[in-house]
Amino acid sequence: MSAVTIIPPAGEAAATTEPKRRWNGLILPAVLILLWEGASQSGLVDDRLLPSLGTVAGRGWSELADGRLAVDIASSLARDVSGFAIGSALGIPVGLALGLSRTLDRFVGPTFNAAKQIAVFAWIPLISVWFGVGEAAKIAFIALAAFTPVVVNTWAGARSVPRTLGEVADVLALSRWQRLTRLEIPSALPSIFVGLQLGLIYSWLATVGAEYFMTIGPGIGGLMTEGREHFHMDLVILGVLLLGGIGLGLNKLAALMETSALRWKRY
Amino acid sequence: MPDQGTLEIRNVFKRFEVAGRTVEALSGIDLSVAPGEFVSVVGASGCGKSTLLRLIVGLDRDYDGEILLDGRRLAGPTLDRAIVFQEHRLFPWLRVEDNVALGLLKSALPAPEKRKLVREHLELVGLSAFAGAYPAQLSGGMSQRVAIARALVNRPDILLLDEPFGALDALTRAYLQAELRRIVRSEGITAVLVTHDVEEAIFLGDRIVVMHPRPGRIAEILPVDAASGQDRASTSFAHLRETVLTGLGAGHPALPGRLAA
Amino acid sequence: MTNLDLDRVAFEAAVAERYRLSGRRFGARAGAGVAKRAGTIAAALIFPASLFLVWQVASLFDLVPAQILPDPRLVLATFREFYDTGDLAFHARISLLRVLQGFALGAGAGLLLGIAMGLSRRVREFVEPLFLALAQVPALGWIPLVMLLVGIDEALKVIIIAKAALIPVTINTSRGILNVPRSYREVGEVLTFGRWQTLTRILAPASVPTVFTGIRYGLTNAWLALVAVELLASSEGLGYLMVWGRQLFQLDLVIMAMIVVGVIGFLLDWSLGLVERRLQRWEAAGS
Ligand SMILES: Nc1ncnc2c1ncn2[C@@H]1O[C@H](COP(=O)(O)OP(=O)(O)OP(=O)(O)O)[C@@H](O)[C@H]1O
Ligand SMILES: [Mg+2]
């Protein structure tokens, strides 16, 4: 199990939980925001280059009011989630197969490792030829982005099932299926979750990428592209905030799922 | 069935390659264990005791010689042989009761029956209150008791134990020794126990196998007559203990008796 | 919540990756014979070779249209042509230069920031939350913003690549220092080490493997970001070659560029991987 363990911050780091100190983290953002606001209010910086917070908030509100923002967010999220679901639904079995079968590991593993070296965005031109530039292409690309880290980590987890526990399964004469469900999957699970979390991060990155490159249909990427083309900095900043916020939310959700699935690791 | 569980080990050799050198872990082991017999194995660290158990249980089939169970050559682990490993080897993601139930996964018993067996065996090792705990919440000795329950739960013909009580306090140890002896006797289980505790070996064993290291081999086999095994305070018990210790010392690399071997 | 999940994920992935490197359970033991090695390589080649064969046969018999999958010989010919004319070297050089510039900038800044956050609780308290919040925005998310600020020239590419490299380097550096076991520090205390000695004798050597893993991830991320920016806004470089090939419906060019991107990405990662394994040698004994 040593393959994936959380090493908690050591030494003094552990002491940072004092509630008073937590607020310190807000000081720097607050100062930056004040500077920003001051610069744009005072007219020191071109308002078009650095719109005030109020402008960004106003833009957010008006986009929200005419319903467009909700459509963009929902479209991006739906794409992200479908691609991620497909990618991990394929990635987990493939990773398990690679990790549990010596033959697959030997014969297919190196090919996978070579193919994963192709930076994922390099697939976009090919995917857009194969799938067009519509929804199917975007989802295919997002799925591919999620697939790779899920396979890599599931594979590593499945390969490092402790030999000592494998012997227990031998002695108890477990069937192939029992071995898989009682030993191999639970043992690989922490690693699988790392893969899923990375997959989530990559699929969100890929969602943005897909929306930039295949600019048909609503989405946050499209919103930002439009903002850039028309020099609407407020729209672009709104997009950045949305990307960060949603990315953070997705990660939190994944972490929550992980803690509930890995209860035995808490002790 | 009384004739189940005859174990015959004939001229078994086992070698390992360690860093390019050949280590003879077992050398010419000959041992017959009758059904229902309890054999204790003692010997210095590294003399091949665990290796011997691994061969008997069928985890390692790469050896020379023959190991026969009821006259048949072993072809891998089966449920009629159970082992308690030197380390507890519980599945950390399963609760205590599910770990014990692992032993019954392959059994055809109905589910309620299985649950009852699990409960009984947890009670036997005194861990009923911890049925729902995860292994990481147990102490070393508690974990070892769960492992014992897991091995006993499907009533094997042959039970192999690798220092099962090493991590226990004296009281629990004495209690479990007595329980083990009772179960093994009443069920007619054939047992092989590896231990460093000579008194334990005498108390539980019908015979004591003394092994010497490098190469791992059987130095002598001492019978324990029923009377002296029962009473730890008797002089025959003390005498046997001396004999075993002397036998051990003769093969112990750190002791002067080595020259005599 | 001082540490976001992102850093944990990055860290765990690093550990998993390292585990993968440090030796397979069943795999070739140290000192495996040449024959065994050759067998491993042969096994590794059978699958791609058969894929290639299927591809070639499919093209020969026109089983797939050339607009979907061009004949591999055409890809090879395109490669020869680009190689001979020096075009390939030209574009690859531009991409490499960009990635190295951006990476140097991002990794350098990441190291400094990571060291500061690892050593000083002050810095960590004030800077880390903001840093981690910004890290949540995917590297690509900054492109429109940076475009408006600096245009679509080299500066855009270098900034985006640097940002991509910065995140893992910073996180792994600060984690690497923070995760030096308390017991090591205590050894230093017992030996009455000063600050400098603690830093050079304990913290630096103990954290180097983690830090380096971050650097390696940083380079991978930088290469990924390079391809993205070149696809979006460039008139030179490997990413541009792909866009160009796509527009001309020359899939042979697209696939050739993909393979080159893969090979360069592999070589970059592989060379850092070699260094990483050397650095982590002392750890093997402990695992
Ligand atoms: N998997 C293995 N690979 C190489 N050598 C091994 C292996 N298992 C055991 N050995 C060697 O075989 C010898 C016997 O080991 P074994 O574990 O059987 O000893 P033991 O009698 O159980 O010792 P202990 O009382 O310390 O548990 C040792 O010299 C050991 O180094
Ligand atoms: Mg042993």
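The values are calculated or read from the model by the stated rules, or taken from the named source; none is laboratory data. Just so it is clear, the model here is predicted, and its values are computed rather than measured. We place every Cβ from the backbone using ideal geometry, glycine too, and count neighbours over all the protein chains shown. We work out accessible area using only protein heavy atoms, side chains counted, and drop any ligands, DNA or RNA first. Shrake-Rupley method; radii C 1.70, N 1.55, O 1.52, S 1.80 Å.
Structure notes:
- None of C:134, C:148 is within 11 Å of chain A (Cβ to nearest Cβ), in contact with a Lys or Arg (Cβ under 8 Å, 6 or more places away or on another chain), open to solvent by 10 Å² or more (accessible area, probe 1.4 Å) and of a type outside the set (Val, Ile, Thr) except C:148.
- Here residue A:231 meets the list (1) within 9 Å of another protein chain (Cβ to nearest Cβ); (2) free of Cβ contacts under 8 Å to residues at least 40 places away in the same chain almost entirely, failing just condition (2).
- Within the range B:177-217, the set of residues being surrounded by fewer than 17 Cβ atoms within 10 Å (Cβ to Cβ), away from ligand 1 (no atom under 16 Å from the Cβ) and not in a helix (DSSP H, G or I) comprises just one member, B:188.
- Selection of first residues in the range A:254-267 that are of a type in the set (A, V, I, L, M) and of second residues that are modelled with pLDDT under 80, restricted to Cβ pairs under 6 Å at least 6 apart or on distinct chains, gives the following pairs, ordered by first then second residue: A:255/C:5.
- Hits in the range A:132-156 - residues which are farther than 23 Å from residue C:260 by Cα and of a type in the set (Phe, Trp, Tyr): A:155
- Being away from ligand 2 (no atom under 16 Å from the Cβ), within 30 Å of residue A:265 (Cβ to Cβ) and either part of a helix (DSSP H, G or I) or within 14 Å of the chain's Cα centre (by Cα) (or both) holds for only one residue in B:174, B:136, and it is B:136.
- Some residue of the range C:223-239 being surrounded by fewer than 23 Cβ atoms within 10 Å (Cβ to Cβ), over 30 Å from residue C:96 (Cα atoms) and over 21 Å from the mean Cα position of the chain (by Cα): no
- For residue B:141, the conditions (1) part of a helix (DSSP H, G or I); (2) open to solvent by 20 Å² or more (accessible area, probe 1.4 Å); (3) more than 14 Å from every other protein chain (Cβ to nearest Cβ) are fulfilled apart from (2).
- Filtered by the rule that a residue be within 12 Å of ligand 2 (Cβ to nearest atom) and within 18 Å of residue B:205 (Cα to Cα), the range B:20-41 gives a lone residue, B:41.
- Subset of the range B:12-26 that is within 11 Å of ligand 1 (Cβ to nearest atom) and open to solvent by less than 50 Å² (accessible area, probe 1.4 Å) - its residue that is farthest from residue B:213 (Cα to Cα): B:14
- Test: residue in the range B:38-51 that is basic (Lys, Arg), out of contact with any Cys (no Cβ under 7 Å at 6 or more places or on another chain) and open to solvent by 30 Å² or more (accessible area, probe 1.4 Å): no
- Residue tally, condition within 9 Å of chain C (Cβ to nearest Cβ) and under 20 Å from residue A:193 (Cβ atoms), over the range A:88-123: 1
- Test for residue B:85: is it at pLDDT 90 or above, open to solvent by 30 Å² or more (accessible area, probe 1.4 Å) and within 15 Å of ligand 1 (Cβ to nearest atom): no
- Residue in the range B:123-131 that is within 14 Å of chain A (Cβ to nearest Cβ), away from ligand 2 (no atom under 16 Å from the Cβ) and of a type outside the set (Ser, Thr, Tyr) present: yes
- Residue ranges of helices (runs of 4 or more DSSP H) in the range A:70-169 with at least 1 members at pLDDT 95 or above and open to solvent by less than 10 Å² (accessible area, probe 1.4 Å): A:135-159
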